[in-house]
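A.B. asks: First, the structure itself, so that you have it in front of you.
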Amino acid sequence: MTGPIVPAESSGLAALSGSGVGRPGGTIAVVGSAKLDLVIRQERLPRPGETVLGRTFDRVPGGKGLNQAVAAARAGGRVAFLGRVGDDAEGRQLAQTLRPESVDTHRLITDPTRGTGIAQVSVLDGGENAIVVAAGANASSDWSPDDEALLTTAAAVVAQLERPVPLVRRAFEAARALGVFTVLTPAPVSADALALLPLVDLLLLNEHEARALAAQEDPLAAARSLSPGRIVILTRGSASTLVAHEGALVHDEPARPAAAVDTTGAGDCFAGTLVARLASGDSFKAAIGAATVAASLSVARPGAAASMPTWVEIEANLGGNEAFTG
């Protein structure tokens, strides 16, 4: 441990939990990726030049943005998705995935010049995964007046780095101008993300991403170094989740035991649920508890977007544990 845990509520999170900047009950605008996941379950990854046999193959909706949008909607959020797909069967499948979730897809634009994004996902025994992404239409950096108009009623703007950094910057600059809370999950992590940090209110990342972004080997020290000016949430797989703010570790959320089947999308589940509960007016403690439970439920199921739990399921698993209901 790199410093004491000092219980504290962040003024930044209070913007979502109370009145004012966060617009509780407002739209969660997800500026994100939508991809079709090509999933092979297999014993292990191949070595260079080696072929291994897979057990099963599935084509399932995914992409970090789409996953987060579904997670937020199922956790009770009012969600709009700002994304790009190709003019192909895969793009139509992704749009059909979002509509039954009550996600607003008016800003899910079909790009006739690019195909829909694809992710090649290897799911290993024990639930761990390895993913290779072809961006396709997600590579578009277009930002329109209609996109910006959507933010006028937003509680939060959520983005990842499966869309171009210049696009995320424009979305966050527009959000800041309108007093809208900004959330970044910097994956896939890159040095370009550092330039976005002054526009970020909540940075949600794992240990690998924290080390890479802060250029520090100790992920806890990395989280603390990234936290001045914003809230940093460090997820650590089966270990507890830590929260840093203004250079101090302010919260340590116990892990929720789970029998992992597929960890694909677990971080997206955490992010979407957390923001949905904050936008609904929950306290930070309650929201991070709900997100922890949601992620534990998601890894016990196969798939990414399909594994996201509903608020009824999350709430049913919150009861009787003060660590998750405070």
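The values are calculated or read from the model by the stated rules, or taken from the named source; none is laboratory data. Predicted model only: the values in this text are computed from it and were never measured. Here the Cβ is made from the backbone with ideal geometry for all residues, glycine too, and neighbour counts use every protein chain on show.
Conditions tested, residue by residue: (1) assigned to a strand (DSSP E or B); (2) within 30 Å of GLN42 (Cα to Cα); (3) at pLDDT below 85; (4) of a type outside the set (Ser, Thr, Tyr).
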{"site": "ALA244", "(1), (2), (3), (4)": "yes, no, no, yes"}
{"site": "THR263", "(1), (2), (3), (4)": "no, yes, yes, no"}
{"site": "CYS269", "(1), (2), (3), (4)": "no, yes, no, yes"}
{"site": "ASP282", "(1), (2), (3), (4)": "no, no, no, yes"}
{"site": "ILE288", "(1), (2), (3), (4)": "no, no, no, yes"}
{"site": "ALA300", "(1), (2), (3), (4)": "no, yes, yes, yes"}
{"site": "ALA306", "(1), (2), (3), (4)": "no, yes, yes, yes"}
{"site": "GLU313", "(1), (2), (3), (4)": "no, yes, no, yes"}
{"site": "ALA323", "(1), (2), (3), (4)": "no, no, yes, yes"}
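A.B. asks: Also, I was wondering about something else. Please work out which residue is modelled with the lowest pLDDT, limiting yourself to region 246-261 and to residues that are touching a helix residue (DSSP H, G or I) at 6+ places or on another chain (Cβ under 9 Å), farther than 21 Å from GLY77 by Cβ and assigned to a strand (DSSP E or B).
C.D. replies: Looking at residues that are touching a helix residue (DSSP H, G or I) at 6+ places or on another chain (Cβ under 9 Å), farther than 21 Å from GLY77 by Cβ and assigned to a strand (DSSP E or B), I get HIS251.
A.B. asks: Of everything in region 117-133 that's surrounded by 14 or more Cβ atoms within 10 Å (Cβ to Cβ) and among the aliphatic types (A, V, I, L, M), which residue is farthest from the chain's Cα centre (by Cα)?
C.D. replies: LEU124
A.B. asks: Does at least one position in region 308-318 carry a residue that is closer than 21 Å to GLY32 by Cβ, of a type in the set (S, T, N, Q) and surrounded by fewer than 22 Cβ atoms within 10 Å (Cβ to Cβ)?
C.D. replies: yes
A.B. asks: Another question, then. Would you call SER17 among the small types (Gly, Ala, Ser), modelled with pLDDT under 90, in contact with an Asp or Glu (Cβ under 7 Å, 6 or more places away or on another chain) and surrounded by fewer than 24 Cβ atoms within 10 Å (Cβ to Cβ)?
C.D. replies: Taking the combined requirement at face value, the residue satisfies it.
A.B. asks: Next question, about the same structure. How about region 29-144: which strands (runs of 3 or more DSSP E) wholly inside it have at least 1 residues that are β-branched (Val, Ile, Thr) and over 23 Å from SER298 (Cβ atoms)?
C.D. replies: Here the list reads 79-86, 108-111.
A.B. asks: Count, please, the residues in region 153-187 that happen to be aliphatic (A, V, I, L, M), surrounded by fewer than 24 Cβ atoms within 10 Å (Cβ to Cβ) and either without any contact (Cβ under 8 Å) to a residue 12 or more places away in the chain or assigned to a loop (DSSP other than H, G, I, E, B) (or both).
C.D. replies: Here the count works out to 4.
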